[in-house]
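K.L.:
Below are the structure tokens for one structure; questions will follow.
The values are calculated or read from the model by the stated rules, or taken from the named source; none is laboratory data. What you see is a predicted model; the values in this text were computed from it and never measured. Cβ sites come from the backbone with ideal geometry, for glycine too, and all protein chains shown count toward neighbours. In case anyone asks, the SASA skips ligands and DNA or RNA and just uses the protein heavy atoms, side chains included. Shrake-Rupley method; radii C 1.70, N 1.55, O 1.52, S 1.80 Å.
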Amino acid sequence: MAEKKSLISEFIPQKGDSPNDIARKMVTIIASVVLVAALGYLAVRFIGQVQNRQAIKDRQNAFENITVINPVTEAAEEDEPDETVVTEPPPLVMLDAFNDFMADNPETAGWIKVPNTSVNDVVVQTDNNTYYMDKDFYGNRNIAGTIFVDYRCVINDYDFNQTPNVILYGHNQADSSMFGSLKKYKVKKDNTKNFSFYQENPTFTFTSLYGEYTYKIIALFVIEALPEQTRDGNLFDYHNYITFTGERNFEKFKENIMLRTGINTGVDFDENDKYMTLSTCSNEFDQSRFIVIGRRVRPGESPEVDTSLAEINEDMLEPDYSYIYSR
């Protein structure tokens, strides 16, 4: 009667095994290790997403009771101005709702909210554009990162000192956290179904440490991130249009965004306005970006948007997909 083999001997190389048996068992061991590692990685990702969603929900609950004040835009005028006296603007007063956020992280920069999306979270700013790509609000390692303001921008200051175009970055998370749900606005030549979503949600808000601003969306588009993704090497580096000066002047900014936007929103804008650009990765190809740009509501202007003026831009300039996919 043949000796019954133990379970271990079926998978662990034993003395006397044939070369084929050893090879089979080694393959089984390697495959098992890879499987366990993969399951462990997925478990860590899942737990991280759950924790991240809970942290976002906690922050939203903490932010709900905010009392919004009108942002200070200019110095108060005197009844009889004296040319020899320089009138200082009233001091900026931080909103009470940010007290706890600032205590947890002094790099808190504000709060971004896009209606009917998952974008409803705190925004931070530090001295570079890499730290918060893989750090959560508390500085812990997290692949979801945190929504952050480009370090070159000024947002928490008097209106006249703020950067003309403030850039915000956030990851395109599969669970729709961070900027993952901005894709609801995506309109392309081969897919225009999201036009109705824009019509129902043509604005978003950003609350700085000192007051709330509403932005009317003026452009949204998919774009390349690298010069080599274009046939001629010319790239619209939207993220460098922070101040409209030199080669990156306002006219070039306007020309480029209107050329690419999937929707002509009908919202007017000019070089005297303030802008906010939301930037996230896109899934068309590696190193693609999806961009949403808003124009701040002007003093005394209604935040309402006449979306009947909006129309699909049939001539929208899209990335050269055939060239990119053939590389």
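K.L.:
Ranked by accessible surface with a 1.4 Å probe, highest first, in what order do Arg295, Arg24, Arg327 come?
P.N.:
Descending accessible area places them as Arg327, Arg24, Arg295.
K.L.:
Rounded to the nearest percent, how much of the accessible area of the chain (1.4 Å probe, protein heavy atoms only) is carbon and sulfur?
P.N.:
Looking at the chain in its full context, I get 52 percent from C and S.
K.L.:
Just how much of Ser302 is accessible, in Å², when a 1.4 Å probe is used and the result is rounded to the nearest 10?
P.N.:
Solvent-accessible area, nearest 10 Å²: 60 Å².
K.L.:
A further question on this structure: Using mean Cβ contacts within 10 Å as the protection proxy, how do 279-291, 313-325 order, highest first?
P.N.:
Per-residue mean Cβ counts within 10 Å order the peptides as 279-291, 313-325.
K.L.:
When the Cα centres of region 119-160 and region 163-238 are compared, how far apart do they sit, in Å?
P.N.:
Measuring centre to centre over Cα atoms gives 17 Å.
K.L.:
Please find the FRET efficiency linking Arg327 to Glu200, where r is the Cβ-Cβ separation and R0 is fixed at 30 Å, and quote it to the nearest 0.05.
P.N.:
0.20
K.L.:
As a test of the formula, what do you get for the chain when each DSSP H run with n ≥ 4 contributes -39,500 (n - 2.57) and the sum is divided by the residue count, at 222 nm and rounded to the nearest 500 deg cm²/dmol?
P.N.:
Per the formula, -7500 deg cm²/dmol.
K.L.:
Using a probe radius of 1.4 Å on heavy atoms only, what accessible surface per residue do you get for the chain? Whole Å² is fine.
P.N.:
Per-residue value: 56 Å².
K.L.:
May I pose another question? From the phi of every residue in region 88-97, what ³J(HN,Hα) in whole Hz does the Karplus formula 6.51 cos²θ - 1.76 cosθ + 1.60 yield, where θ is phi - 60° and glycine or proline is x?
P.N.:
7, x, x, x, 6, 10, 5, 5, 4, 5
K.L.:
If amide hydrogens are placed 1.01 Å from N in the peptide plane, which non-local residues have theirs closer than 5 Å to the one on Ser118?
P.N.:
Those lying under 5 Å, H to H, from Ser118 are Ser181.
K.L.:
Right, something else. Stretch Glu255-Glu304 to full length: gain in nm at 0.36 nm per residue minus the Cα-Cα span?
P.N.:
Here the answer is 15.2 nm.
K.L.:
Here's a follow-up. Normalized C-alpha radius of gyration of the chain, against 2.2 N^0.38 Å?
P.N.:
For the chain, the normalised Cα radius of gyration comes out at 1.31.
K.L.:
Please give the contour-minus-distance gain from Lys189 to Asp100: 0.36 nm per residue of separation, less the Cα-Cα distance, rounded to one decimal in nm.
P.N.:
27.5 nm
K.L.:
Measure nothing but the geometry: give the 0 to 90° angle between the long axis through the Cα atoms of 250-260 and the longest principal axis through the Cα atoms of the chain, rounded to 10°.
P.N.:
Once rounded, the angle reads 50 degrees.
K.L.:
Once amide H atoms are built 1.01 Å from N in the peptide plane, which residues 5 or more positions from Val166, or in another chain, come under 5 Å H to H?
P.N.:
For Val166, the qualifying residues are Tyr275, Met276, Thr277.
K.L.:
Which order do the peptides 12-18, 165-171, 258-264 come out in when sorted by mean C-beta neighbours inside 10 angstrom, highest first?
P.N.:
165-171, 258-264, 12-18
K.L.:
Still on this structure, please answer the following. Are there any trypsin sites (Lys or Arg not before Pro) in region 166-245 that are in a DSSP loop and have at most 10 other Cβ atoms within 10 Å? List them by number.
P.N.:
Answer in residue order: Lys193, Arg231.
K.L.:
State, to one decimal in nm, how far the label point of Ala38 lies from the label point of Asn128, with both points 7 Å from Cα in the Cβ direction.
P.N.:
According to this spin-label approximation, the distance is 3.5 nm.
K.L.:
May I ask for the equivalent-ellipsoid semi-axes of region 225-327, computed as the square root of five times each C-alpha gyration tensor eigenvalue and listed largest first in whole Å?
P.N.:
With the √(5λ) rule applied to region 225-327, the semi-axes are 27, 17, 12 Å.
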